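Have a look at the structure that comes next, please.
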Amino acid sequence: MNMKLMVLGSEITAQKITASLDSRGIEVVSASDGPQAIALLKEERFDLAAIDASVEETEVACRCINELFDIPVVLIVKETEADWEKLMSPDTDGYITVEASGVETAARLKAVIRRWSSYSKPILNVW
């Protein structure tokens, strides 16, 4: 499964995510701020977006992407309570951690895509 992921976060975070996913069929394109992320999402087709929870505009970016684009949004979290609180937002569909292995990160992203795809399929009325 080839996927395209847009990462909004610091250059260091984007490099770590890219390195962990490089050999797993997931193309990573990074943005350093919200306006750049929105511009990328308008220009290219992405399967999902990942936003670093430490980015100042995390909640706004999640909400914006949900309103403008039909893709799931996952948070990139660290092992802090402040990041985990952001996971409770209705604008996020999952999470990944920077510290996780590439296998775990890819598996989490693919699971989000699978769940997202099953929710977006039309429900047949069999009654």
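Residue 33: net charge of surrounding residues, Cβ under 12 Å, Lys/Arg +1, Asp/Glu -1, itself excluded?
-4
Right, something else. Listed highest first by mean packing, meaning other Cβ atoms within 10 Å per residue, what order do 54-60, 39-45 come in? Mind showing how you got there, number by number?
Numbers: 54-60: 16.1, 39-45: 12.3.
Top to bottom by mean Cβ count within 10 Å: 54-60, 39-45.
Let me ask another. Assuming R0 = 35 Å, what is the FRET efficiency of residue 19 and residue 60, from their Cβ-Cβ distance, to the nearest 0.05?
E(calc), rounded to 0.05, equals 0.80.
Could you run the Karplus curve 6.51 cos²θ - 1.76 cosθ + 1.60 with θ = phi - 60° over the stretch 10-23 and give me ³J(HN,Hα) per residue in whole Hz, x for Gly and Pro?
Using θ = phi - 60°, the values come out as 5, 4, 5, 4, 4, 5, 5, 5, 4, 4, 6, 10, 3, 9 Hz.
Under 5 Å between amide hydrogens, which residues at least 5 positions from residue 93 or on another chain qualify, with H placed 1.01 Å from N in the peptide plane?
73, 74, 75
Another question, then. List the residues, sorted by chain then number, that are 5 or more residues from residue 30 or on another chain and whose placed amide H is less than 5 Å from its amide H.
7
Further question on the same structure: Give the calculated FRET efficiency between residue 70 and residue 4 to the nearest 0.05, with a Förster radius of 22 Å applied to their Cβ-Cβ distance.
Values: r = 14 Å, r/R0 = 0.64.
Calculated value: 0.95.
Label residue 12 and residue 118 with points 7 Å out from Cα along Cα→Cβ: what is the distance between them in nm?
A separation of 3.7 nm, rounded to one decimal place.
No lab work stands behind these numbers, since they all come straight from the coordinates. Since the structure is predicted, the reported quantities are computational estimates derived from the model, not experimental observations. Note that we place each Cβ from the backbone using ideal geometry, even for glycine, and neighbour counts take in every protein chain shown.
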